[in-house]
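The values are calculated or read from the model by the stated rules, or taken from the named source; none is laboratory data. Small disclaimer: the values here were computed from a predicted structure and weren't measured. Here Cβ is always computed from backbone atoms with ideal geometry, including for glycine, and neighbour counts include all displayed protein chains.
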Amino acid sequence: MTTAASTLSTLFIAALAATTLLRIWLGLRHVSHVARHRAAVPDAFRNAIGLAAHQKAADYTIARVRLGLVDVSTGALLTVWFTLGGGLQMIFDLCSGMFEIGGYAHSIAFIGIVSLVGFLVGLPFVVWRTFVVEERFGFNKMTPALFFADLAKEALLAVCVGVPLLAAVLWLMEHMGSLWWLHVWLVWLTFNLLVLLIYPTFIAPLFNKFSPLDDASLRQRIETLLARCGFRSSGLFVMDGSRRSAHGNAYFTGFGAAKRIVFFDTLLAKLTPQEIEAVLAHELGHFRHHHVWQRLGVLGLASLAFLALLGYLIAQPWFFEGLGMSSRGTAVALVLFMLVVPVFVFPLSPLMSGWSRKHEFQADAYAARQTRGEDLVSALVKLYRDNAATLTPDPLYSTFHDSHPPAAARIAHLQTVATGGARLAVQP
């Protein structure tokens, strides 16, 4: 092994160990912090959320995080096996016995088998989370038949969409010279925009039923809000989220003429019309502040930078050797890069999480200007309670993992923007 390859191996193992230990330490901190605050509801929520609901949220959070810690540890071991353990080379050699090395069939089979192994290793955690953790706390509505039907649809989509896209990427990598990464980036960007356009009408209905909102009074209230906010939508829809989960949400999806607003049926059953309007105003705040486009822009620039880096690494023998591969090629480089990048970027999570939380604060402020702050506060409290969201996250864990502000900080911010600092009543 060359000196450069040996250095990469050492750096990779050190980074993987540090990242894994950091994630485990953060998880254990979160579990300990939530458990310590389990006995009492925070003062700001004492009149709105009972002790039983607060303790349920604590137990639910702890159960999910503990399962996540096992998942993280397993994922780290799988990454080591794939790379320095020789797993990728073994899969590469297996494919070489079936297809011509360097051909598209060989490359696609190699990437497909690696993806399948990763999926199968992660599947028990998905099953346990769905049918044990979610079931235990009363959230799961998924039947085994529906669960495996969803998996079959996802697999079919991966084959029908992923294989042609992968073939196009591999062709560009091999035929576009040293700037192949720029061509791949343009294709990737176009693909993501296309998915945003077709997802609402072609992909989402494969998994859920979407019905027009038939509550005339609520529809009128929402349409008035949309007109006031200058938001044009292709329709208001209710999604049968209750088929799979008791959790509730609302969102808008698509862009241009394909934008549509979607309410989970579980959300409509839990909130008043005023609260629904306030929640939707929050989502419209993301639209008004161009948060979706900002995130797409950052994602686009980051993907361009990563592809440019891959364009350099793919020509370096030490990149392959240092990560346990004696064989080289475009498909091998893609897989190695996808395994390595998360190891090195996790420490940057607070930056993205902090940016996302800033967006949430901005959307809350917008909602408080377009509707009543009291209605958004009461809606959030109901969602915290009914979704068993902990009111007492560990601050450091939240800094790394939470895209939304902690409950207490979010309510306090709403009190400031809605009333100039006066206390809003937090009611059930």
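Quick one: count up the residues across region 336-395 that are among the basic types (K, R) and closer than 15 Å to Q415 by Cβ.
Selection size over region 336-395: 2.
Within region 251-266, can one find any residue that is of a type in the set (A, V, I, L, M) and either in a helix (DSSP H, G or I) or surrounded by fewer than 18 Cβ atoms within 10 Å (Cβ to Cβ) (or both)?
Yes, because at least one residue in region 251-266 is of a type in the set (A, V, I, L, M) and either in a helix (DSSP H, G or I) or surrounded by fewer than 18 Cβ atoms within 10 Å (Cβ to Cβ) (or both).
Considering only residues that are under 13 Å from A53 (Cβ atoms) and either surrounded by fewer than 20 Cβ atoms within 10 Å (Cβ to Cβ) or without any contact (Cβ under 8 Å) to a residue 24 or more places away in the chain (or both), which ones fall in region 387-411?
N387, A389, listed by residue number.
Kindly check whether there is at least one residue in region 187-198 that is over 27 Å from Y104 (Cα atoms), at pLDDT below 95 and touching a strand residue (DSSP E or B) at 6+ places or on another chain (Cβ under 7 Å).
Scanning region 187-198 turns up no residue that is over 27 Å from Y104 (Cα atoms), at pLDDT below 95 and touching a strand residue (DSSP E or B) at 6+ places or on another chain (Cβ under 7 Å).
Scan region 201-232 residue by residue and report those that are without any contact (Cβ under 8 Å) to a residue 40 or more places away in the chain and part of a strand (DSSP E or B).
S211, P212
If you check L28, L78, which single one turns out to be buried (at least 17 other Cβ atoms within 10 Å of the Cβ) and within 21 Å of P347 (Cβ to Cβ)?
L78
Show me the helices (runs of 4 or more DSSP H) entirely contained within region 55-167 in which 2 or more residues are out of contact with any Phe, Trp or Tyr (no Cβ under 6 Å at 6 or more places or on another chain), of a type in the set (V, I, T) and in contact (Cβ under 8 Å) with a residue 24 or more places away in the chain.
Ranges flagged: 104-128.
Under 24 Å from V70 (Cα atoms) and loosely packed, with under 15 Cβ neighbours inside 10 Å: which single residue out of P205, P212, P124 fits that description?
Result: P124 is the single residue among P205, P212, P124 that is under 24 Å from V70 (Cα atoms) and loosely packed, with under 15 Cβ neighbours inside 10 Å.
Is it the case that region 62-80 has a residue that's within 30 Å of S378 (Cα to Cα), of a type in the set (V, I, T) and under 23 Å from the mean Cα position of the chain (by Cα)?
Yes, the conditions are met somewhere in region 62-80.
Residue by residue, here is whether (1) closer than 30 Å to Y397 by Cα; (2) exposed (fewer than 15 other Cβ atoms within 10 Å of the Cβ) holds:
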site: T74; (1), (2): yes, yes
site: V117; (1), (2): yes, no
site: V132; (1), (2): yes, yes
site: F139; (1), (2): yes, no
site: A149; (1), (2): no, yes
